[in-house]
1. Past 21 Å, Cα to Cα: identify those pairs from K122/K168; K63/K110; K110/K168; K89/K122, in the order given.
2. Please express the shape of segment 76-196 as an equivalent ellipsoid: the semi-axes are the square roots of 5 times the eigenvalues of the C-alpha gyration tensor, given largest first in whole angstrom.
3. Given the peptides 67-74, 181-188, arrange them by the average over their residues of other C-beta atoms within 10 Å, most packed first.
4. Picking from I109, N85, V146, whose Cα lies most toward the positive end of the charge dipole for segment 82-196 (charges on Cβ: Lys, Arg +1; Asp, Glu -1)?
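None of the figures in this text is laboratory data; all of them are computed from the coordinates on show. Please read all numbers here as calculations on a predicted model, not as lab measurements. Positions of Cβ are generated from backbone atoms using ideal geometry, with glycine treated the same way; all protein chains shown enter the neighbour counts.
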Amino acid sequence: MNAHRKTTDLSTTTRHRTDRRLGRTVFAATAVAALGLAWAGTAQAATPSTVKATPTCSAAALKATFGQQLAGGMNHQGVVIRLRNLSGKTCALRGYPGLGLENSAHKAIKTHTHWGSTWYAKDPGKKTLVLKDGQSAEAVVAWTHVNTGTSGAVHASYLEITPPASTKHKTLAFHEWVDHGDLSVTALARHIDVAD
């Protein structure tokens, strides 16, 4: 009986020691994993602050020009506008250009700008465009001129183009009749396919 009891006690003791060792091993592994996660979290948190963001292109950094002239039926008209980075540095653009009409004396004409798809092109949506020096982005502007010379149309001489996130604009000659001062414009993209 004593021998049997000793064997049982020894087995129980061995089992407890094994359980304790296993428990310590699991605890140690869990602690190491937690430290690893904490370190990874710290590294990820530090990454955004250490990576310098590309600055937004200012109006002064950009040259605005007209590209392809667009015509079509049903009194629709349009034009591709381009904003080219001439700053000597890399900068970024995202979103829609602001538009405004001016008369021959550079006085603002009441203008309504609609963002999205136009008669000529599907809207590419907002995307961040990183432009190296010399690179450009484009958008498609469209309007109608069914009421040319009537009270429902305005006669513009200039077009103001305000880059996204800017408070200053570029001005281009724009001798056009525009119904009710309504302009539609797509978001800026590297290139936009236009309908023929």
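1. Values: K122/K168 27 Å; K63/K110 25 Å; K110/K168 18 Å; K89/K122 30 Å.
Checking Cα-Cα distances, K122/K168; K63/K110; K89/K122 exceed 21 Å.
2. Working: eigenvalues 131, 55, 23 Å².
Taking √(5λ) for each eigenvalue gives 26, 17, 11 Å, largest first.
3. Values: 67-74: 11.6, 181-188: 22.2.
Those peptides, ordered most packed to least, come out 181-188, 67-74.
4. Sorting the options by dipole projection puts first N85.
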